[in-house]
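Worksheet for the structure shown next.
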Amino acid sequence: MSLPIDPAEIDPDDVGEKQAVLEMDHEEAIEHVREICEEVGFGIPVEFSPSELLNEKVDADRDPYYVLGACNPEIADRALDQTMRMGGLFPCNVIVWEEEPGRQRVYHLSIMKIARLLDIAPDNEEWADIVDTTGDLTEEAFEKFDSVDAETTD
């Protein structure tokens, strides 16, 4: 299947890509990420471990990999007011995977920016404000990851 765009031409900022490295064990990193997400205004209504599921179901032998589905209900409500198709991208996932014991990668993409790139969301001031608001909260979270012995990359 050929893509209508060249992924190599997409700037990570265009999709709100954020990454951080946490020097701690996997379970501690999950708890740390959960606490910071909640502190900056994201609840975590959904979370699961694809690695545990795949290791159990298909004997995948995957290293620890965890998904925290973050959501700010007020922003989610505003997004749905703009486009009901937005639910296809909910929630905003923050992923924690173990690169090596004691070293965890935290990864996030902005579903709000991706929705606009895919023409799921409108090109208007309200959507721009939603993107800015979620971006500010995400930036705050990643700054807090960085303040606790972490290396942040964009």
Modelling each spin label as a point 7 Å along the Cα-to-Cβ direction, I'd like the residue 56/residue 3 distance in nm, to one decimal.
3.3 nm
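If you roll a 1.4 angstrom probe over the protein chains with everything in place, what fraction of the accessible area of region 1-112 belongs to carbon and sulfur, to the nearest %?
Of the solvent-accessible surface of region 1-112, carbon and sulfur hold 50 percent.
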Long-range amide H contacts for residue 103: which residues qualify at under 5 Å (H placed 1.01 Å from N, peptide plane, sequence gap of 5 or more or a different chain)?
24
Relative to the longest principal axis of the C-alpha atoms of the chain, give the angle of the C-alpha long axis of helix 73-82, reported between 0 and 90° and rounded to the nearest 10°.
40 degrees
Only residues of region 120-145 count here: report those whose backbone N is under 13 Å from the spot 7 Å along Cα→Cβ of residue 10, or say none.
120
For 47-57, 61-71, ranked highest to lowest by mean beta-carbon neighbours within 10 Å, the order is 61-71, 47-57
Inter-site label distance for residue 46 and residue 81 at 7 Å from Cα along Cβ, in nm
2.3 nm
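Tell me the per residue accessible area of the chain using a 1.4 Å probe; a whole number in Å² is fine. Mind showing how you got there, number by number?
Numbers: 8840 Å² over 154 residues.
I get 57 Å² per residue for the chain.
For the chain, what does -39500 (n - 2.57) per DSSP helix run (n ≥ 4), summed and divided by total residues, give at 222 nm, in deg cm²/dmol to the nearest 500? The partial results should precede the final answer.
On the way: 5 runs with 63 residues, N = 154.
Here the helix-only value at 222 nm equals -13000 deg cm²/dmol.
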In nm, spacing of pseudo-spin labels at residue 107 and residue 147 (7 Å Cα→C-beta vector):
2.7 nm
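The values are calculated or read from the model by the stated rules, or taken from the named source; none is laboratory data. As the structure is a computational prediction, the values presented were derived from the model and not from experiment. Glycine also receives a Cβ, built like all others from the backbone with ideal geometry; neighbour counts cover every protein chain displayed. Ligands, DNA and RNA are excluded from the accessible area calculation, which covers all protein heavy atoms including side chains. Shrake-Rupley method; radii C 1.70, N 1.55, O 1.52, S 1.80 Å.
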